[in-house]
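Below is one structure, written out as C-alpha cells, with a few remarks after it.
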Amino acid sequence: MNNKAFIFDLDGVIVDTAKYHFLAWKKIANQLGINFTEEHNELLKGVSRIRSLDIILELGKKEATQEEKNMWLKQKNEDYLSQLADMDDREILPGVFEVLKFLKDNNQPIALGSASKNARPILEKTGILSYFDAIVDGNDVTNAKPDPEVFLIAAKLLNVKPENAVVFEDSVAGIQAANIANMISIGIGDKTILHEAKYVFQDFTVISEQFLKEL
Ligand code: B16
Ligand code: MG
C-alpha cells in the first residue's frame, strides 16, 4: 500500500449516535418549549455540545444564563451516556470493521478525529479502541470543524504530512476541515450533501480494498 494515514470521524462514520444525541436534546428542547425535529438535528452533526445547545436556543429564540446552559449541558450528556450504557459492537456501522481490519493488516496508521468528548468510551464499548494509534477528540481541541485543528493534530500524532492523510467524514463541516488541512477527504453519505469531498461513498461496504490501496 502507499504510505498513507487514515483518520476516522466517529459519529455518523463509525457509529450512528446521532439518534441518541437527538433523543437527549429533544428532552431539553421539550422542557424549554422549543420545537426540535429530526431535520433540526441535522444542524448539530459534527458540531460541539456547547454549540449544539446554542443552535437549539436560537431555534427557539430563547435566551439563557451561563448557569442554565451548564445545567442543560450536564443533563443532556448524562441522558446521552445513559442511552449508551448497553452499547456494543452491533452499533458499528456496516463495513467499518472490515476496513479497519484491512488497514491494520496492512500496517496503515489509524487515528480518530472527532468533536465528541465521549469518543473513548464509545470505542471501548464497541471493542475497536485497539485499532487506533491516536485519538483526538473534543477534549483535545479548541476550534471546532470546519477548523482543521482536530485533523492536523491527528496527522501530527501519526507522523504523516497532511497531504498523506485520508479523512472519512459524514458532515459538511468535517469535509471542509479536511480540505482546508490539505488532506484527502472522503465523504460517507449523500453525494449531493457532501459534494465538496474528493470522493463520496454511501457507506463503507462499497469501499473496495483496491481503492484503499491506490489512494
Ligand atoms: P459530545 P463527530 C460529534 O461527533 C457529533 O456529530 C455531534 O452531533 C456532537 O454534538 C459532538 O460530537 C459532541 O459530542 O456531546 O459527545 O461531546 O461526528 O465529530 O464524531
Ligand atoms: Mg460525524
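The values are calculated or read from the model by the stated rules, or taken from the named source; none is laboratory data. Please read these numbers as outputs of a predicted model, since none were measured by experiment. Here the Cβ is made from the backbone with ideal geometry for all residues, glycine too, and neighbour counts use every protein chain on show. Remember, those area values only see protein heavy atoms, side chains included, never the ligands or the DNA or RNA. Shrake-Rupley method; radii C 1.70, N 1.55, O 1.52, S 1.80 Å.
Descriptive notes on the structure:
- DSSP finds beta bridges in the chain, and of those with both partners inside it, around 5 percent are antiparallel.
- Extension gain for the segment ASP16 to ASP54, taken as residue separation times 0.36 nm less the Cα-Cα distance, is 11.4 nm to one decimal.
- Segment GLU214-ARG90, extension gain: residue separation times 0.36 nm, minus the distance between their alpha carbons: 41.7 nm
- Remark: region 145-161, residue by residue, has Karplus-estimated 3J(HN,Hα) of 3, x, 5, x, 3, 4, 6, 5, 5, 4, 5, 4, 5, 8, 6, 10, 6 Hz, where x stands for each Gly or Pro and the curve is 6.51 cos²θ - 1.76 cosθ + 1.60 at θ = phi - 60°.
- For region 6-11, backbone phi angles converted through the Karplus equation (6.51, -1.76, 1.60; θ = phi - 60°) give residue-by-residue couplings of 10, 10, 10, 6, 9, 5 Hz, Gly and Pro being listed as x.
- Two-site label geometry, ASN139 and THR192: point separation in nm, points 7 Å out along Cα→Cβ: 4.0 nm
- Heavy-atom accessible area per residue - the chain, 1.4 Å, Å²: 50 Å²
- Radius of gyration over Kirkwood radius for region 18-84, both on Cα atoms: the Rg/Rh ratio is 0.91.
- The charge dipole of region 18-84, taken about the Cα centre with unit charges on the Cβ atoms of Lys, Arg (+1) and Asp, Glu (-1), comes to about 120 debye, rounded to the nearest 20.
- The chain: most fluctuating residue of LYS76, LYS61, LYS198 per GNM, C-alpha cutoff 10 Å: LYS61
- Estimated FRET transfer efficiency (GLU63, GLU163; beta-carbon r; R0 41 Å; 0.05): 0.35
- Share of Cα-Cα pairs in the chain lying beyond 31 Å, as whole percent: 19 percent
- Spatial separation of Cα centroids for region 92-124 and region 15-45, in angstrom: 25 Å
- Pairs of Lys residues in region 31-113 are counted when their Cα atoms are under 25 angstrom apart and they lie 8 or more places apart or on different chains; the count is 10.
- Projecting label points 7 angstrom from Cα along Cα→Cβ for ALA173 and LEU32 puts them 1.6 nm apart.
- Carbon and sulfur %, accessible surface of the chain computed with the full protein complex present, 1.4 Å: 49 percent
- Per DSSP, loop GluC sites (Glu not before Pro) in region 1-97 with at most 16 further Cβ within 10 Å: GLU63
- Each Lys and Arg contributes +1 and each Asp and Glu -1, all at the Cβ; summed about the Cα centre of the chain, the dipole is approximately 260 debye.
- A cut-off of 5 Å between modelled amide H atoms, ignoring neighbours fewer than 5 places along the same chain, links ILE135 with LEU112.
- Each peptide in 115-123, 182-190 receives the mean, over its residues, of other Cβ atoms within 10 Å, and ordering these scores from highest gives 182-190, 115-123.
- 222 nm mean residue ellipticity, helices alone, for the chain (DSSP H n ≥ 4; -39,500 (n - 2.57); rounded to 500): -12500 deg cm²/dmol
- Inter-probe distance in nm under a simple model that places probes 7 Å from Cα toward Cβ, at LYS101 and GLU78: 4.0 nm
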